[in-house]
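Asks: Structure below; questions to follow.
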Amino acid sequence: MPEKPGKNREQLKEITDRIEAGIRDIFESGDMEKYRNYLRTMSRFHNYSLNNQALIHLQRPDAPHVAGYNRWRDKFSRHVLRGEKGITIIAPTPYKKKIEQEKLDPDTKLPILDADGKVMTEEKEIEIPMFRPVKVFDYAQTDGKPLPELASSLSGTVPHYEAFMEALRRSAPVPLSVEPMAANMDGYFSPDQQRIAIRTGMSEVQTVSAAVHEIAHSKLHNYAQVQEEAARAGDKEPPKKKDRNTEEVEAESISYAVCQYYGIQTGENSFGYIANWSQGKELPELRASLETINKAAGELIADIDRHYKVICKERGIDLTAAPEPQRDPIEQLAADI
């Protein structure tokens, strides 16, 4: 068991309070650049928990990669520079404990009795979940062997654009097509037709951005399908329909985060409605929205990565000449906290 559990709880409480204050400030400050900056952090650390994303963002928002002292040394042949102050995040430190419990019949699940009619017991080892603050360091706080080459910038045009769009099509839960439509629309998701349409004639960057936006709608706001799945699962209360502003906040945030991950610069996205949207909302509701955005963006990035590699192989695209979109080479820490 970790030493000084009382002090550990105190530290965790202070950290939690800081996270909550940071989340409120991201939404309520009225500074949309703060929100965009947070989404950039989210895109870089999409495998991290919301808590640790917030902690990294609050302490070192420009950090591209982080790892612990020993991981930098042992896995990446880099050392932390003298005098550098670490970034505090939260890591799981579970411990095991032996307990006595009733011995159950594997078929009936009822207690097994001994010859005297007493309930038999058995010793079982269980894992108790616990967390503690740990220090990680940004790449700029270290020196040594360079990291592997990361994905090249996809700003302006998108290298292997057709292959990337096909990866988006395969990642979408409904068919996606590019077709003529009114100039004041970039695209739409139709719940009735169960399909996505993107306007033809836009730039590659705008087409990709719009496609990710509508894929987000199709994954999160396809209520007819969600209700059917809930009914099949026997859920008495299927998820309720969200208001239009919440839907747009989620879809636009996911689009921005995913595009940032692939280096696609989408310009000054319109987040002007975020401050008004967040007014009057309690912290659990704001956290829930960030959790939704983080989970959906991370899942979509994983899907795109997987499909893109397959498509490039199918089409004979040499990814050594032009690096593919890929994950941060650093193994992510404390992803499930």
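The values are calculated or read from the model by the stated rules, or taken from the named source; none is laboratory data. The model shown is predicted, which means the values in this text are computed figures rather than measured ones. As a convention, Cβ positions derive from the backbone with ideal geometry for all residues, glycine included, and neighbour counts pool all protein chains shown. Quick note on the areas: whole protein, heavy atoms, side chains included, nothing else; ligands and nucleic acids left out. Shrake-Rupley method; radii C 1.70, N 1.55, O 1.52, S 1.80 Å.
Asks: Take the residues in the range 136-189 that are assigned to a loop (DSSP other than H, G, I, E, B) and open to solvent by less than 30 Å² (accessible area, probe 1.4 Å); name whichever of them is modelled with the lowest pLDDT.
Replies: In this case the residue turns out to be Leu154.
Asks: Among the residues of the range 39-48, are any touching a Leu at 6+ places or on another chain (Cβ under 8 Å) and over 18 Å from Asn294 (Cα atoms)?
Replies: Scanning the range 39-48 turns up no residue that is touching a Leu at 6+ places or on another chain (Cβ under 8 Å) and over 18 Å from Asn294 (Cα atoms).
Asks: Here are Arg78, Arg36: which of them is basic (Lys, Arg), under 30 Å from Arg287 (Cα atoms) and surrounded by 14 or more Cβ atoms within 10 Å (Cβ to Cβ)?
Replies: On the way: Arg78 fails: under 30 Å from Arg287 (Cα atoms).
Step by step, each of Arg78, Arg36 is checked, and only Arg36 is basic (Lys, Arg), under 30 Å from Arg287 (Cα atoms) and surrounded by 14 or more Cβ atoms within 10 Å (Cβ to Cβ).
Asks: Out of curiosity, is Glu229 free of Cβ contacts under 8 Å to residues at least 12 places away in the same chain, under 24 Å from Ala302 (Cα atoms) and over 22 Å from the mean Cα position of the chain (by Cα)?
Replies: yes
Asks: Among the residues of the range 111-128, how many are part of a loop (DSSP other than H, G, I, E, B) and open to solvent by 100 Å² or more (accessible area, probe 1.4 Å)?
Replies: Summing the residues that are part of a loop (DSSP other than H, G, I, E, B) and open to solvent by 100 Å² or more (accessible area, probe 1.4 Å) in the range 111-128 gives 3.
Asks: Moving on. Do any helices (runs of 4 or more DSSP H) lying entirely in the range 195-304 carry at least 2 residues that are within 13 Å of Leu168 (Cβ to Cβ), open to solvent by 50 Å² or more (accessible area, probe 1.4 Å) and at pLDDT 85 or above, and which ones are they? Can you show your working first?
Replies: Values: elements: 204-220, 223-233, 244-261, 274-278.
The helices (runs of 4 or more DSSP H) meeting that bar are 204-220.
Asks: If I ask for residues that are assigned to a strand (DSSP E or B) and either open to solvent by 80 Å² or more (accessible area, probe 1.4 Å) or of a type in the set (Asp, Glu) (or both), which ones from the range 95-110 would you list? Lay out the reasoning, then the answer.
Replies: At the first step, the residues of the range 95-110 found to be assigned to a strand (DSSP E or B) are 95-102, 104.
The answer is Lys96, Lys97, Lys98, Glu100, Glu102, Leu104.
Asks: Go through Glu20, Glu14, Glu28, Glu10 for me and flag whichever is out of contact with any Cys (no Cβ under 6 Å at 6 or more places or on another chain), modelled with pLDDT under 80 and of a type in the set (Asp, Glu).
Replies: Exactly one of Glu20, Glu14, Glu28, Glu10 is out of contact with any Cys (no Cβ under 6 Å at 6 or more places or on another chain), modelled with pLDDT under 80 and of a type in the set (Asp, Glu), namely Glu28.
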